[in-house]
């Protein structure tokens, strides 16, 4: 094996190790963000620099309450029809 091939091989190994270290850093960042999101959602948004969080859809409990009120109205109209 001549010197040029040896140098090239060592450069490739060094680049592979550097890439491995970068990927590990990315994984650690993702893991910490996921854990922070699970624990405290506001904290993660503050850390990421997002000031306003816009809600595009109403929360699930509002949808359920709306659906429940519709059910109640239907039930009342059925009861009125049955009672005459």
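Take the Cα of residue 36, step 7 Å toward its Cβ, do the same at residue 2, and the gap between the two points is 5.3 nm. Averaging 1/r across all pairs of distinct Cα atoms in segment 1-53 and inverting the result yields a Kirkwood radius of 14.0 Å.
Read the figures in this text as sums done on the coordinates, not as results from a lab. Just so it is clear, the model here is predicted, and its values are computed rather than measured. Positions of Cβ are generated from backbone atoms using ideal geometry, with glycine treated the same way; all protein chains shown enter the neighbour counts.
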